[in-house]
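I have placed the structure first, in the form of structure tokens, so that the comments after it can refer back to it.
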Amino acid sequence: MATPSTDRDEQEPYVKMQVDDDDNGMEFSVSGPSIKVEEVNESFNKKQETEDIFQWQRHPLDVSNPTKAFRAQEESLDVALYHAEQITELVSSRFQTAYKHFGRDEDDIIGPTHLDARLLKQWALEAKSLKNEHDNFEVKVGLAGATGAGKTSIMNAILGYRNLLPSSEEEAATAVVCEISYNENCPYPFYAVANFQTEQELAEELDQFFDTLSRLKSLQQEVHDDPSANEEILSNLDQGFEKIKLIWGLELKNLHGFTTATLLALDPNVLGLLGKTTHFSGNQAEEFSSKIKPYLDSSSTSHGHRWFPAWPLLKKVKLFVKSELLRGGVTLVDLPGIGDMVQSRAQVARRHFNELAVTIIVTPACRAADEKACASLLTEHQELQMRMDGKFNPNSFCICLSKIDDIDCESFLRGGKNDELKRQLHADRERSRELGKRHQYLTKEVTSQRQKLSSNANQVNKIVAKLQMMRKPGASSAAGVRKSGTDGVARMRLENTRRILQREGEESQTQLSEMEREISANREEHGYLRSRIKHACVIARNANISTRLRQDFRHRQEQFEENNINMAASAPRGEVRVFPTCARAFWDEDGDTRTDGFPTKAYTGIPALQAFIRKATMEHRGRHAREQLTKYHPLLNRLRTWTASSAKKGIVVSRKRLNKEILDKQYDKLAELAAEYFGRLVKDVHRLEPLKFSTRKSMTTCGKDAMAKIESWHFAAPGDPKGARKLPWPTYNACVTREGGVHTSSGKFSGTRHWIGDLAAIFLGSVIGSWCKAIDEDIPEIAKSLDYDLIGIFSAWYEETQELVIQVQPRLEPYLFQQADHIKTIARTVATEGRQPFGCLRQESAEIREKLEKSLTKQMEAPFKKASKVEIGKGRYKRMIEKLRVESKKKRNKLYKDSSSHLQAYLNGVLKALPDKFLQVESNGIRLVKSQITAMLTNVASVDETELNETELAFFRLVGEIKRETLSLVRSWMAGWQQSTGADVSMHDVCGNHEIPKEFPAQSSGTESYEDDIDLDPFIQRIMNGTEECPVGLENDERDMAAHVPASAMEVDDASWHRHQDREQPSKDESPLQSPETQGDGEDTDHDHLLRSTMHRTDECAPTLDGDKINVPPHNVASAMEVEEASGHMHEVPVQSPNNEDLDTAYAAPSIMKSEDEQASNTAHQPVGA
């Protein structure tokens, strides 16, 4: 704060303001602006017309682009968090340094600046509290489903890390609950925390196992003559045995005589893990994944001197990674399989199921195609709980079809319901068959050409060797060459034979190259058609499954609305969302090979699922952001008031008198007004009847339904008609022994049974309509006017307070007028906090179900115990069923009556806690008002520096520095809020329509990569590429001839292809592929004819080798000469003695690399003939 000038001090008297007794009786001055009140009011009226209306203050439902408004809220919250942290750090560091320098405690009163210090410290505490509240905010999105459904692979894909979480096709990849949140503050990109069970938690599970084990012998004796029943008994052992086997390595036969205490004392390594928290970190995803893998899947790891899996002892693993999907408090939860054969995993999944804000049920597409599997994706208990929680709606629940690439197109098209699709794909399928046949033919031809090239090369090598032998004088006879004239004629014939063979090799290479190109083109076209056919089949199957799922859930909704006459009109409705996905194809897009049917990532369904998660969490994140911003707004206003500049003008007033005579009484009055208002709200809530029967059933009817359910428990599926398959006796006995608790069986009729849950569902199904109406419709109606009512109460109170203060000190009116809008902001904050107790009622739904199950368990305890004690012997199963029925019937009339009374008592207790919660809201509101007015009074205070000692003066100047720096941050804060408009966010990018495209893209040549490439012979490939060394003895011209591939390639012999097609005899419904057209138009020239005839020369006409002798038929030489004449390449070959000229020069063949003009010129100077 600027020190007042001496001249101004002499001209304008100060207003002495007496501080309170607890302020050590010190005096300081209050200054005010030297302007007229009318001018101040006019200026503030103009300002009020342009009041700070930030984008985040607009509700998403009140704007045209909700996504833009939502993004503006999150941007504004980031701005608030950043600046609040900067200001808190500024205040904390500066004051700590000053206190340490002067050797003073933080609670010491040091001059008049202690008011500023206390104000700033309180502000910092509130800012830290809001920061902690934000850090603890989570929107849990859970992926649930059976073991092996592909949850982990999908989670890796939507997070953007291929192998972050371990996945396995053979065993449960996720053995414990794994939560993944955004890594905000950790110095490492990847961070994890693993929490182990406590010794008490593990001991409780082991106690239950040993209790079951103690009854094992007697149960086995009863079914000694039934092997299947004995197997069922072993399968029904508690999950404790699974833990014991994995951790201690003991078998069932070794456990007799053990207790929980002796087992825990067996290995100190296990006790060392219990209650422990382990931390992991990494810079790379692969490195980090290898560290956490043993704590997430079923693999073993080292613990001390032993190896065993960690998951049986873990409660939860929390991961923190950098992924844009997780920003804003989104936490993905990878649950163990709900239907896992290991019961502890299944129980963990069910326990965390109720904590999810968004639920994604994952099921493989091939499994969901079955109608029975389709109907069992969500159990009745899960559906009921989700309805009570308000989560059974399209915005909080969806189904994800995984592994949609797992489809046999031919089997699918043979289905009776796919005739239309079969007709649409007829042309593609026919073309694909033709390409397949053509591919088979070309493959055979390629093999033939390779063999011909290999044979040709061997013969050329031998001829070259013979010619080399003939270079020496007298070598002709030694070479074994048949003499048919002079040695020159023999060498000429060998040379011509070599040329013929080389030309044939060249033509074979040309044909091979052409066939390879056609094979490549056919392969691309065939791959494209195959991919397009698969895409069509995948889309058709996805549509079929989605339709069936939507019909099933629509039927459930219709039954629910029909049975609940008091169904809330505002309850969310709509079609269940189904998202087909393929994680493997999503990652293949980043590699060189694409999965058939998925040309781009958009076709994999992963972007669509990501968009759903963003949209489904947007409401929760937006509500949290608005609440946080509403709470930060008073903090900002308080600093704006404290740092505002002020002139030096005022009158004498005592702060102690102002508080005692006016403000303290007004604060009490405001508390009374708020308490009265919230009291009316509590009465309105008490008048609701959330547990009233909303169906046409009565308490008596529910009792009858309960008896029908009890009498059907011995069937494989409760509710089966009489005579249906019964449960094995060991499974029935295990459920009775557990007194109707959760039991998972892996025997003949595997599955999870919860008999007490069945009884609870009957009652909850009868009251759920009233519950949803009260929670979803009545309570929101009560809380709807909170903002309007509280703003009215606080504004009226402040007007009255303002008038009272002005009567005592009129000069404070301009400052009081500035606070009117800030008081309204505080009223909005109180309204926001006042809604939170109403939200707690929604959270009680899970507790209501738990309380009901406990009540029913207590009432059914006696019938279960009596049934379990039925006399052992033949017919015990029937006697147990009858005993349970008879004993339960005695409880029928009061079963739900007592439970309803217990629930109502519990709900009344919840409602009784509402006044205390509202009292905290009132107290916080009063505190905010006090702090705001205190900031205003502190701001207008001015201190005479001449009256301060050295320490007080230092602290006074320190406060001035803090105020100047805080003012800069406040201005930056406000500018950030004004600029946070969400304008750079596209609604489509955030949560737009990312459905899998139904249209397949057009083929783009050369862009696809397939796995069925034909590998060329390495030698031939090197020859074609010009990288293979020529056979020994060939000079430059021979190398050119062996390595050169002409630019104008010849077509594959059409006649051979047609002869091949004639032999194939295609079926009537298959059209043979037409042979390709030749490159030239019209008939073949003589030159082409001769080349073709030479290319397809019969074996009788070809040069042959007889041991070391080369047999060249005479007509073969003539054929070679005809070829030379037709080609224009005929040379006169002089016959000279080997001593006169080198053979390579005398008998060199013309280089085929010469241009046609050069060859024609050379030919004109040479005589024809030999």
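Here are the numbers for this structure:
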quantity: Any chance Val940 is at pLDDT below 85, open to solvent by less than 40 Å² (accessible area, probe 1.4 Å) and hydrophobic (A, V, I, L, M, F, W, C); calculated: yes
quantity: Failed condition for Ile404, given (1) open to solvent by less than 30 Å² (accessible area, probe 1.4 Å); (2) modelled with pLDDT under 90; (3) touching a Cys at 6+ places or on another chain (Cβ under 6 Å); calculated: (2)
quantity: Any chance Ile926 is under 23 Å from Lys704 (Cα atoms) and among the β-branched types (Val, Ile, Thr); calculated: no
quantity: The lone exception for Ser513 - which of (1) of a type in the set (Gly, Ala, Ser); (2) at pLDDT 85 or above; (3) under 30 Å from Ile779 (Cβ atoms) it fails; calculated: (3)
quantity: Looking only at region 438-454, and only at residues there that are crowded, with 17+ Cβ neighbours inside 10 Å and not aliphatic (A, V, I, L, M), the one that is farthest from Ala521 (Cα to Cα); calculated: Lys452
quantity: Only listed residue being touching a helix residue (DSSP H, G or I) at 6+ places or on another chain (Cβ under 9 Å), open to solvent by less than 40 Å² (accessible area, probe 1.4 Å), among the charged types (D, E, K, R) and at pLDDT 90 or above, chosen from Arg532, Arg541; calculated: Arg541
quantity: Flag if Leu911 is within 30 Å of Pro780 (Cβ to Cβ) and open to solvent by less than 60 Å² (accessible area, probe 1.4 Å); calculated: yes
quantity: Test for Glu420: is it closer than 26 Å to Leu164 by Cβ, out of contact with any Ser or Thr (no Cβ under 6 Å at 6 or more places or on another chain), of a type outside the set (A, V, I, L, M, F, W, C) and modelled with pLDDT of 80 or more; calculated: no
quantity: The listed residue being hydrophobic (A, V, I, L, M, F, W, C), over 30 Å from Gly925 (Cα atoms) and open to solvent by 20 Å² or more (accessible area, probe 1.4 Å), out of Ala862, Ala796, Ala820, Ala867; calculated: Ala862
quantity: Output for region 396-431, where each listed residue is among the aliphatic types (A, V, I, L, M) and farther than 20 Å from Thr547 by Cα; calculated: Leu425, Ala427
quantity: Residue in region 271-280 that is at positive phi and either touching a Leu at 6+ places or on another chain (Cβ under 9 Å) or at pLDDT 90 or above (or both) present; calculated: yes
quantity: Any chance Ala194 is modelled with pLDDT of 85 or more and in a helix (DSSP H, G or I); calculated: no
quantity: Lys683 under 30 Å from Val830 (Cα atoms), in a helix (DSSP H, G or I) and over 45 Å from the mean Cα position of the chain (by Cα); calculated: no
quantity: Filter pass, Lys878 being open to solvent by 60 Å² or more (accessible area, probe 1.4 Å), touching a residue at least 60 places away in the same chain (Cβ under 8 Å) and in a helix (DSSP H, G or I); calculated: no
quantity: Unmet criterion (only one of (1) more than 30 Å from Glu995 (Cβ to Cβ); (2) modelled with pLDDT of 85 or more) for Arg493; calculated: (2)
quantity: Top-ranked residue in region 691-704 [being at pLDDT 85 or above and buried (at least 18 other Cβ atoms within 10 Å of the Cβ); ranked as nearest to Glu777 (Cα to Cα)]; calculated: Cys702
quantity: Matching residues in region 275-329 - criterion: being part of a loop (DSSP other than H, G, I, E, B) and in contact with an Asp or Glu (Cβ under 7 Å, 6 or more places away or on another chain); calculated: Gly275, Ser298, Gly328, Gly329
quantity: Residue within region 771-794 that is among the small types (Gly, Ala, Ser), more than 36 Å from the chain's Cα centre (by Cα) and closer than 19 Å to Gln666 by Cα present; calculated: yes
quantity: Unique residue being under 27 Å from Arg367 (Cα atoms) and in contact (Cβ under 8 Å) with a residue 40 or more places away in the chain when the list is Tyr632, Tyr603; calculated: Tyr603
quantity: Filtered residues of region 669-700 (kept if touching a residue at least 12 places away in the same chain (Cβ under 8 Å) and within 24 Å of Glu561 (Cα to Cα)); calculated: Leu688, Glu689, Pro690, Leu691, Lys692, Phe693, Ser694, Thr695, Arg696, Lys697, Met699, Thr700
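The values are calculated or read from the model by the stated rules, or taken from the named source; none is laboratory data. In this text, all values refer to a predicted model and were calculated from it rather than measured experimentally. Counting neighbours? That spans all protein chains shown, and the Cβs are built from the backbone with ideal geometry, glycine included. Remember, those area values only see protein heavy atoms, side chains included, never the ligands or the DNA or RNA. Shrake-Rupley method; radii C 1.70, N 1.55, O 1.52, S 1.80 Å.
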